[in-house]
1. Being outside any helix (DSSP H, G or I) and crowded, with 18+ Cβ neighbours inside 10 Å is the requirement here; does Leu157 meet it?
2. Any idea which of Gln128, Gln95 is modelled with pLDDT under 85, assigned to a helix (DSSP H, G or I) and surrounded by fewer than 18 Cβ atoms within 10 Å (Cβ to Cβ)?
3. Given Ala186, Ala195, Ala210, which one is within 26 Å of the chain's Cα centre (by Cα), within 16 Å of Met148 (Cβ to Cβ) and of a type outside the set (S, T, N, Q)?
4. Which one of these is free of Cβ contacts under 8 Å to residues at least 40 places away in the same chain and in the same structural domain as Gln40 (by TED's automatic domain parsing): Gln53, Gln57?
5. Filter the stretch 237-273 for residues that are assigned to a helix (DSSP H, G or I), without any contact (Cβ under 8 Å) to a residue 40 or more places away in the chain and of a type in the set (Gly, Ala, Ser); which is surrounded by the most Cβ atoms within 10 Å (Cβ to Cβ)?
6. Suppose we keep only residues that are aliphatic (A, V, I, L, M) and over 31 Å from the mean Cα position of the chain (by Cα) within the stretch 51-72. Which one would you say is nearest to Ala89 (Cα to Cα)?
7. Which one of the conditions (1) in the same structural domain as Arg193 (by TED's automatic domain parsing); (2) surrounded by 18 or more Cβ atoms within 10 Å (Cβ to Cβ) does Ala108 fail to meet, given that it meets all the rest?
8. How many residues are assigned to a helix (DSSP H, G or I) and surrounded by fewer than 22 Cβ atoms within 10 Å (Cβ to Cβ) when one looks only at the stretch 160-184?
Amino acid sequence: MTVAPAPAQLPDELSGCISDFIQHLASEKRHSPRTCDSYQRDLQRLAIWLVDQGSAQWRAVSGYDLRRYVANLSRQGLSGRSIARHLSAIRRFYQYLLRERLATDNPALDIRPPKSSRRLPSVADVDQLNYLLDAAPDDPLEIRDRCMFELMYSSGLRLAELASLDLSAVDRKSGEARVVGKGGKARILPVGRKALDAITQWMPVRAELAPEAETALFVSRRGDRLSHRSIQARLNRWGVAKGADQKLHPHMLRHSFASHMLESSGDLRAVQELLGHADIATTQVYTHLDFQHLARVYDQSHPRARRRHSRGQTYGQQRSE
């Protein structure tokens, strides 16, 4: 990976550490170029602010400095979530500096971002998705498009996960796909019958487009791996052509997968595993379960809630009467 040069106005003391850290992420931690670029942008933004404040040493940055920096980001309109990402990058960076003995403490450890309301993801209706995915393709490329969208909704794939799929990743006999998610973590996902049927229809078309050496499952008209932007554009096009009442985008299919699975099963842990979330709190944004459902789970699961009363009723049954 080629590391982009730091801005010219940054002193070597600041820019050199950033470049070394990014190289560490790329070579030792095997982070993707996109992740490395994100870290580099966030750290360079902090470094530029430090220069404006008259500071040019990472070891001189204090918790007070970072609180001022967070306040500055907030005044510029960054959301709590974006500021949290900045702080995460800074914490990780200082862990590296401590390891290299370029800092004596981690000033970001106790800094918290401002709270922001968590917006629920947009979700497509089950009936509408069935209608859109059952629509007949009008040309060979639409056979590919429907296959992509079936697979994304069937298995809850991220856009990057779908784009990076190789032919060898999908086992049609077992109905499973091996997906590499964030941080290079692999997981095995079930693939639904409709998605498997769509893959079977796509394979002869793919054979006409892709050269023999191409490993990508989804290819463009030219025969090379389909880009993220192309997948986004094709999904939007599919929605317009087939009559969707809202704009379709790849993450909506992932959101819809998660929400529909939770509505049917209520199994948050299983959905967490399927989505590849490291933290279950990330998965909880998809919960649309009402209080009555949660109360039933509590009554059936908690040992103190399952006590039998004189009339043979559980506490939950008495409470509902």
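The values are calculated or read from the model by the stated rules, or taken from the named source; none is laboratory data. This one's a predicted model, so the numbers in the text were calculated from it and none came from an experiment. Neighbour counts are summed over all protein chains in view; Cβ atoms, including those assigned to glycine, are modelled from backbone coordinates with ideal geometry.
1. Values: outside any helix (DSSP H, G or I): yes; crowded, with 18+ Cβ neighbours inside 10 Å: yes.
Yes.
2. On the way: Gln95 fails: modelled with pLDDT under 85.
Step by step, each of Gln128, Gln95 is checked, and only Gln128 is modelled with pLDDT under 85, assigned to a helix (DSSP H, G or I) and surrounded by fewer than 18 Cβ atoms within 10 Å (Cβ to Cβ).
3. Details: Ala186 fails: within 16 Å of Met148 (Cβ to Cβ); Ala210 fails: within 26 Å of the chain's Cα centre (by Cα).
One residue alone meets the criteria, Ala195.
4. Gln53
5. My answer is Ala270.
6. Val61
7. (1)
8. 8
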